[in-house]
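> What follows is a single structure, and I will ask about it in a moment.
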Amino acid sequence: MSRIAQTFARLQAAGRKALIPYLTAGDPFPQRTVEVMLALARNGADVIELGVPFSDPMADGPVIQKAAERALAQGVGLAKVLDDVREFRAQDDATPVVLMGYANPIERYDQRHGPGAFVRAAQAAGVDGVLVVDYPPEECEEFARALAGHGLDPIFLLAPTSTEQRIREVGRIASGYVYYVSLKGVTGAGHLDTRAVAEMVPRIKAHVKVPVGVGFGIRDADSARAVAAVADAVVIGSRLVQLLEEQPPERVADAGGRFIAEIRAALDTL
C-alpha cells in the first residue's frame with residue numbers, strides 16, 4: 001500500500017478529511033522550500049502537492065503563474081524539485097508528496113537522462129504520486145503503468161465538464177486519489193459553488209474507487225469546511241502561494257504553517 005493510500009485509510013478510520021496544500025517549488029525563496037514543506041506537514045497537511053515550475057502553466061491563474069515565473073527566474077527546474085523532495089524525505093518519512101505539473105519538464109528530463117529516467121528519479125527521491133495536468137488518461141497509460149510499477153500513484157484531474165466516459169477512464173487507471181477541479185476556470189478563481197460540488201462528487205464516486213479531493217476556488221476555512229463536508233480531501237493552493245509571496249524569508253515557513261493549522265482546525269470541526 002502506498003504512502004498516499006495509507007494516509008487516506010488512516011484518516012478514513014478516524015473520520016477525518018485530508019488536507020492537501022499546494023506550493024510551487026522554489027517560490028518565493030528556493031532555499032526555503034523544504035522548510036515550508038516541513039512546516040505544512042507539522043501543522044496538519046496530510047499530503048503535499050509540490051508544483052514543478054513551468055513557463056506555460058495553462059491550468060493556473062495569475063498567482064501560480066507568477067510563482068512559476070519567479071521560481072524559473074531563480075533557476076529552479078525539475079532536478080532541483082527532486083532534490084527538495086529528497087531533502088524533505090530525509091526529515092519526514094510519513095507525509096506523502098505529489099509532484100504536480102506539466103508534460104514538458106518530464107519529457108525534457110527523459111530526453112536528457114534516458115527513457116524512464118524521471119520515474120526512476122522520482123521514486124529514488126521519495127515522491128509518492130505524480131499529477132500531470134496535460135496528460136489525459138487515454139494518452140498516458142504507458143506512463144501511468146511506469147509510475148505504478150515503481151510504487152508511484154498516477155493522479156488525474158476531473159472537471160465539471162468531464163463526461164461519464166472520461167470519469168470511467170480515470171477510474172480505471174488512477175490510484176492515490178483523483179483531483180476534482182471544482183469550477184470551469186483556472187486556479188485561484190473565486191466563484192466556488194459548493195452545491196455543484198456536492199452534486200458532482202457522487203457521480204465521480206460511482207466510477208472512481210479512490211478518494212476524491214476537490215480544489216480550485218478554496219481560499220479560507222469556511223470554503224474548505226464546506227467542500228470537506230462532501231469530499232474526501234480539500235486541496236488549497238493559490239491562497240497559500242499568495243500568502244507565502246507576501247512574507248520575508250525568515251517568516252515564510254511560520255506563516256504557511258499557521259495558515260494550514262487554521263484550515264486543519266476547521267476541517268476537524270466536521
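The values are calculated or read from the model by the stated rules, or taken from the named source; none is laboratory data. As the structure is a prediction and not an experimental result, all values here were calculated from the model. Every residue, glycine among them, receives a Cβ derived from its backbone with ideal geometry; neighbour counts consider all protein chains shown.
> Please work out which residue is surrounded by the most Cβ atoms within 10 Å (Cβ to Cβ), limiting yourself to the stretch 238-260 and to residues that are modelled with pLDDT of 95 or more and of a type in the set (Gly, Ala, Ser).
Going through the qualifying residues, I end up with GLY256.
> Taking interchain pairs and intrachain pairs at least six residues apart, which have beta carbon atoms under 8 angstrom, with the first residue in the stretch 16-32 and free of Cβ contacts under 8 Å to residues at least 24 places away in the same chain and the second of a type in the set (Val, Ile, Thr)?
Filtered contacts from the stretch 16-32: no entries.
> Next up: Return the residue satisfying two criteria in turn: it lies in the stretch 226-252 and is more than 18 Å from the chain's Cα centre (by Cα) and in a helix (DSSP H, G or I), and of such residues it is farthest from ILE64 (Cα to Cα).
Among those that are more than 18 Å from the chain's Cα centre (by Cα) and in a helix (DSSP H, G or I), it is ALA226.
> Is it true that some residue in the stretch 202-210 is at pLDDT below 95 and basic (Lys, Arg)?
No: zero hits.
> Something else about it: Residue check: is VAL186 modelled with pLDDT of 90 or more and either part of a loop (DSSP other than H, G, I, E, B) or surrounded by 18 or more Cβ atoms within 10 Å (Cβ to Cβ) (or both)?
No, not satisfied.
> Which residues, counting only those in the stretch 41-67, are part of a helix (DSSP H, G or I), buried (at least 24 other Cβ atoms within 10 Å of the Cβ) and in contact with a Pro (Cβ under 7 Å, 6 or more places away or on another chain)?
Within the stretch 41-67, ILE64 is the sole residue that qualifies.
> Something else about it: Among the residues of the stretch 63-111, write down those that are touching a residue at least 12 places away in the same chain (Cβ under 8 Å) and among the small types (Gly, Ala, Ser).
Answer for the stretch 63-111, where residues must be touching a residue at least 12 places away in the same chain (Cβ under 8 Å) and among the small types (Gly, Ala, Ser): ALA67, ALA68, ALA71, GLY75, GLY77, ALA79, ALA94, GLY101, ALA103.
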